[in-house]
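Below is one structure, written out as structure tokens; comments come after it.
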Amino acid sequence: GCVLVVSVIEQLAQWHNSTVKAAVERLCSYIPEEGISLCFCTVSFSIDKEMNADVVCHSLKLCKQDPGQPLCHLYPPPKVKKHSPGLFYALAHAGQKCQIISKSFMGFSSVCAFPLLANLCEKIKYVLRNKLPFEDFDGDRFSTFPTLRGYHWRGRDCDDKNTTVYPGRRPDNWDVNSDSNCNGIWGVDPKDGIPYEEKFCKGADSQGVVLLGDSAGAHFHIPPEWMTVTQMSAKSFANLPMAFTDELDWPQFSEITGFLNSTIGGWTDSLYLRLRRRNRCNHRDLQNISQNGGSSGNLLYLIKSLARNRLLDNPAIVIYATIGNDVCNGDRDTLAHMTTPKQMFSNVVQALRYLDSRLPNGSHVILTGLVDGRFLWDNLHDRYHPLGQLNRDITYSQLYSFLDCLQVSPCSGWLTSNETLRNLTSERALQLSSVLKEIARSEKFANFDIFYMDFPLRQTAEEWQKMGGQPWQLIEPVDGFHPSQIAAALGTSVTWQKALREWPQVLGKENPFNDQIEAIFKDQGGH
């Protein structure tokens, strides 16, 4: 974190030909929340040619340094006097200059210490702990508030004071008097006295979509303009509060549950939107139950935040997609900490049994295989990271090594120059995918049928190249690890085509009344 902030400040000073102090003030002016700005504005320091971001941040002693541990660095060590060990020499001469910074920075090391942010931090802690909407007045697990696990993650509640009104339920008395399932269809047609919900949605195979996933499914994204000084302005950080309260995830644009037009590049296409187009009665029936770091193991806890009533609600299509974290970790001995095939089988079967106790009859579950993450190194390692584009001095290879040294790599097995380790990681991923395939073939459940599909990375890359794109554009530019917005949208198309070919019964039939429903909505001003 320190290296990121100091790098941005240094580059702002360089790009605008200003002092570091002026660069700090410029960055403060960009940040929309005054409370967050304070933690930058209290830091005032000078940097000379021997003090790059690595030198400054090591001098602050923000991180523990174990005996024998190498000094982790993102940048090449500074050029110093002949025979002097670059980074160590620079650190020794920077200590005096950095004492005042250390006192200021350490005093504000936790943004939650600010009175203005303390309340927000408590809300975020609640959400991270429970994975349920913070603003949910009736306790039905749906919200009228967008972030803090609100309707960006689950269909928007239309009456947050009534626990029997929420997206995805079967209509109460055909919604003659009110909209009990929040799909916008209720009341009686004055021409014939038939409730609109009965006329348009009866027998229409209405169903919701639920994702059980990880940070890829939640759609983790750090905007590159946050650290690309040539593009940086106050507008760059306008979405910071929203991103912060959505855990740096953007589920509203995601591959499975996206429903808003993307503001982070590319376009939005999702399984939910396609199901909604197929049957307008499915409006708002979505749940993105994903978390950063999600794996088959911790999904056993996460799954308990599912909101589905076997007796009152419509069936659902559940996508089970933990595509990487069962083989990805930041441990030194990464192979020893990967999920084994036996553990994978146990975790997934436990999750499926839980779903069988919660899902209405007629539901469907699709198990998605793990990704082959060798794609990341192959397409990014020699490209410049957004932090390195100004001076052409930081490649993804350097970033991966830096994160691995700090022991915070999202995936030591794939984000490495060690080809043997990359191959072994993919081998384990393939073994775990085979477990999922076998479960789909052999296990039977009372309330849903079950299918398997490979993660469609290869097909997605082929489609993008046909459109004139490059493979590296399918990867998030800042973290160099997650699928990008383009990958999410194209992945939807590939998955939908497979489902139409192989499991058309999963998607339900097309509602012949869709045009009539939309026409009535238009006539009534959208209600």
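Within segment 153-171, the set of residues being in contact with an Asp or Glu (Cβ under 6 Å, 6 or more places away or on another chain) and open to solvent by less than 40 Å² (accessible area, probe 1.4 Å) comprises Gly155, Asp160, Val165, Tyr166, Pro167, Gly168, Arg169, Pro171. Quick check on segment 360-372. Is at least one of its residues open to solvent by 60 Å² or more (accessible area, probe 1.4 Å), touching a helix residue (DSSP H, G or I) at 6+ places or on another chain (Cβ under 9 Å) and free of Cβ contacts under 8 Å to residues at least 60 places away in the same chain? No; the residues of segment 360-372 include none that is open to solvent by 60 Å² or more (accessible area, probe 1.4 Å), touching a helix residue (DSSP H, G or I) at 6+ places or on another chain (Cβ under 9 Å) and free of Cβ contacts under 8 Å to residues at least 60 places away in the same chain.
For the condition in contact with a Cys (Cβ under 7 Å, 6 or more places away or on another chain), farther than 30 Å from Val6 by Cβ and either open to solvent by 60 Å² or more (accessible area, probe 1.4 Å) or not aromatic (Phe, Trp, Tyr) (or both), what is the one hit in Ser206, Ser180?
Ser206
Applying the criterion of at least 1 residues that are farther than 30 Å from Tyr396 by Cα and touching a residue at least 40 places away in the same chain (Cβ under 8 Å) to the helices (runs of 4 or more DSSP H) found wholly in segment 422-527 leaves 485-502, 504-507, 514-523. Among the residues making up segment 1-26, those that are assigned to a helix (DSSP H, G or I) and more than 26 Å from Val408 (Cα to Cα) are Leu12, Ala13, Gln14, Trp15, Val20, Lys21, Ala22, Ala23, Val24, Glu25, Arg26.
Checking Thr257, Thr334, Thr322 one by one, the residue that is among the hydroxyl-bearing types (Ser, Thr, Tyr), under 25 Å from Cys158 (Cβ atoms) and crowded, with 20+ Cβ neighbours inside 10 Å is Thr257 and no other.
Listed here are the residues, each with its yes/no results for (1) among the small types (Gly, Ala, Ser); (2) outside the structural domain of Pro70 (by the TED database); (3) closer than 25 Å to Pro70 by Cβ.
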position: Lys342; (1), (2), (3): no, yes, no
position: Leu359; (1), (2), (3): no, yes, no
position: Asp372; (1), (2), (3): no, yes, no
position: Phe375; (1), (2), (3): no, yes, no
position: Asp378; (1), (2), (3): no, yes, no
position: Gly388; (1), (2), (3): yes, yes, yes
position: Leu406; (1), (2), (3): no, yes, yes
position: Cys411; (1), (2), (3): no, yes, yes
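Under the condition of being among the basic types (Lys, Arg) and within 24 Å of the chain's Cα centre (by Cα), which residue from segment 428-472 is surrounded by the fewest Cβ atoms within 10 Å (Cβ to Cβ)? The qualifying residue surrounded by the fewest Cβ atoms within 10 Å (Cβ to Cβ) is Arg458. Only a single item in (1) under 22 Å from Arg274 (Cβ atoms); (2) in the same structural domain as Pro386 (by the TED database) is not met by Phe200, and it is number (2).
The values are calculated or read from the model by the stated rules, or taken from the named source; none is laboratory data. None of the values given here were measured: they were computed from a predicted structure. With ideal geometry, Cβ positions are generated from the backbone for all residues, glycine too; neighbour counts draw on all protein chains shown. SASA here: full protein model, heavy atoms, side chains in, ligands and nucleic acids out. Shrake-Rupley method; radii C 1.70, N 1.55, O 1.52, S 1.80 Å.
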